[in-house]
Amino acid sequence: MFCYERKAYYHETDQMGIIHHSNYLKWMEEARIFLMDKLGFSYKKMEEFGIISPVTNIDLEYKNPTKFNDEVLIYIKVLEYTGVKLLFEYKIIDKLTKNINAIAHSKHCFIKNGKIISLKKDLKEFHEAFIKFIEEEE
């Protein structure tokens, strides 16, 4: 699994003094964007080819609260990739206590000109980067 590290900021807390649940979705996106940068094929570069990858589903289970100033490790793994669809798994872990604060999954597809496409056909360079990453993870 790839690891993205992040600190919880005060402006992300809710009235109870814990990180508001909506911020976990933002953190997951940050981890995805960071992973793509590390693959050498940024999301920005993909967009320059006219391809976007919308989220089609999110599954997020909260286990332990994250509080202001906590440091978290966001582990991200590709569970499934077909060229047409993509499924990520995330584990958000408190860096100090090692507690799992959340487990999540996000599903994505790839769209160009309003139509679902296959990266195998439409953006081979990105497809090959994903395949290489998945093989290295196994």
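The values are calculated or read from the model by the stated rules, or taken from the named source; none is laboratory data. What you see is a predicted model, and the numbers here were worked out from it, not measured in a lab. All Cβ positions, even for glycine, are placed from backbone atoms using ideal geometry, and neighbour counts span all protein chains on display. Protein only, heavy atoms only, side chains kept; ligands, DNA and RNA dropped before computing areas. Shrake-Rupley method; radii C 1.70, N 1.55, O 1.52, S 1.80 Å.
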Of everything in region 1-13 that's assigned to a strand (DSSP E or B) and of a type in the set (A, V, I, L, M, F, W, C), which residue is surrounded by the most Cβ atoms within 10 Å (Cβ to Cβ)? PHE2
When both residues are 6+ apart or on different chains and their Cβ atoms are under 9 Å apart, which pairs have a first residue that lies in region 35-51 and is in contact (Cβ under 8 Å) with a residue 12 or more places away in the chain, and a second that is polar (S, T, N, Q)? MET46/SER53; GLY50/ASN113
Counting only residues that are open to solvent by 70 Å² or more (accessible area, probe 1.4 Å), under 14 Å from ALA104 (Cβ atoms), part of a helix (DSSP H, G or I) and not hydrophobic (A, V, I, L, M, F, W, C), region 14-64 contains a total of 2
Region 1-29, residues that are of a type outside the set (A, V, I, L, M, F, W, C) and either within 21 Å of ILE134 (Cβ to Cβ) or in contact with a His (Cβ under 8 Å, 6 or more places away or on another chain) (or both): TYR4, GLU12, THR13, ASP14, GLU29
Can you give me the number of residues within region 95-122 that are in contact with a strand residue (DSSP E or B) (Cβ under 6 Å, 6 or more places away or on another chain) and either part of a loop (DSSP other than H, G, I, E, B) or open to solvent by less than 60 Å² (accessible area, probe 1.4 Å) (or both)? 11
Note: among LEU73, LEU79, just one is surrounded by 15 or more Cβ atoms within 10 Å (Cβ to Cβ), in a strand (DSSP E or B) and over 10 Å from the mean Cα position of the chain (by Cα), namely LEU73
Residue list for region 30-53, filter: more than 25 Å from GLU135 (Cβ to Cβ) and among the charged types (D, E, K, R): GLU47, GLU48
Filter result for PHE126 (in a strand (DSSP E or B), touching a helix residue (DSSP H, G or I) at 6+ places or on another chain (Cβ under 7 Å) and surrounded by 14 or more Cβ atoms within 10 Å (Cβ to Cβ)): no
